[in-house]
Amino acid sequence: MNWVMLALSSFLLFATLHMTGVSNWLMEAEIDWPAWTQAVGSVVAIAVAVWLPAADRRRQRREQDEAAYVQRLQSKQRLHSTATELTLLVSNMAAVQGPRTVSGILDTAAITDLRRRLADLEAVAPDPEAEKLIGEMRGVLLQCVALREYPYSAETSQRLQDVDEVAFDISQRAQAALIEAVQERDTIPCPKSGNAS
C-alpha cells in the first residue's frame, strides 16, 4: 500500500511539473549537479548528526530507567520476603500455648538474620514508604524479643496476638508495595524495535 501511494505521488509530482513547464526549464537550464548533490548530502549529514546523539541519549535513558526499575523491584521483593518471614516468626510465637523456651519459640539465629536483613534493606530503601515499613518491622522484632522473656499468661498471649496482627498488616502493605512495583513496569518506555531487550 505504501509503495502504491509513493508511486502515485511521484506520478502526480512529475505530471504537475510537466504541466506547469517546470520540467522544461529544468531540462534547458544548466544545473550544477555536484553542488546540489553536496548541498543535499550536507543537509542529510546534519540531520543524521543531530539524530544519532539524540537516539543514543534516548537509549541510555531507557537503560537507566530499566536498571532503576530492576533495583526498586528487587528491593521491594526483599522487603516483602523479610516482612513475610517476620510475620511467620511472630505467628509461630503467638501460637505457642504454655511454657516457652527460647530455642523452641524464637531462634536467636532467626532474630540475628532478620536484624541483618532489615539493616541491609534500610541501606537501599527505594522510597519513604519502604523506610516506614522497615522501621515498623524493626519495632515488631524488638517487641518479639522483649515478649519472649515474659512467662506465659493471658496478657502475654494477647500482646503476642496484637503484635501478630501488626506484623500481618506490615506484610500485607509490603505485598501491596511489591504489586505496585511490578505494575510500574508498564510505565517504563520500551523501545519500538522488536530486537531490543
Log entry, pairs with first residue in segment 65-94 being within 13 Å of Arg185 (Cα to Cα), second being at pLDDT below 90 and not in a helix (DSSP H, G or I), beta carbons closer than 6 Å, six or more apart or on different chains, reads Asp65/Ile188; Tyr69/Ile188; Arg72/Pro126
Of (1) in contact (Cβ under 8 Å) with a residue 24 or more places away in the chain; (2) loosely packed, with under 14 Cβ neighbours inside 10 Å, Ala146 satisfies every one except (1)
Within segment 166-182, the count of residues that are more than 15 Å from the chain's Cα centre (by Cα) and of a type in the set (Gly, Ala, Ser) comes to 3
Only one of Val96, Val124, Val102 is within 24 Å of the chain's Cα centre (by Cα) and at pLDDT below 90, namely Val124
By residue number, the members of segment 39-88 that are of a type in the set (S, T, N, Q) and either surrounded by 11 or more Cβ atoms within 10 Å (Cβ to Cβ) or closer than 26 Å to Ala176 by Cα (or both) are Gln64, Gln71, Gln74, Ser75, Gln77, Ser81, Thr82, Thr84, Thr87
Given the structure, is Leu121 surrounded by 15 or more Cβ atoms within 10 Å (Cβ to Cβ) and farther than 16 Å from Glu85 by Cβ? no
Log entry, pairs with first residue in segment 113-142 being under 17 Å from Arg173 (Cα atoms), second being part of a loop (DSSP other than H, G, I, E, B), beta carbons closer than 7 Å, six or more apart or on different chains, reads Glu131/Ala125; Ile134/Ala125
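The values are calculated or read from the model by the stated rules, or taken from the named source; none is laboratory data. Fair warning: this is a prediction, and the values are worked out from it, not measured in the lab. Neighbour counts are summed over all protein chains in view; Cβ atoms, including those assigned to glycine, are modelled from backbone coordinates with ideal geometry.
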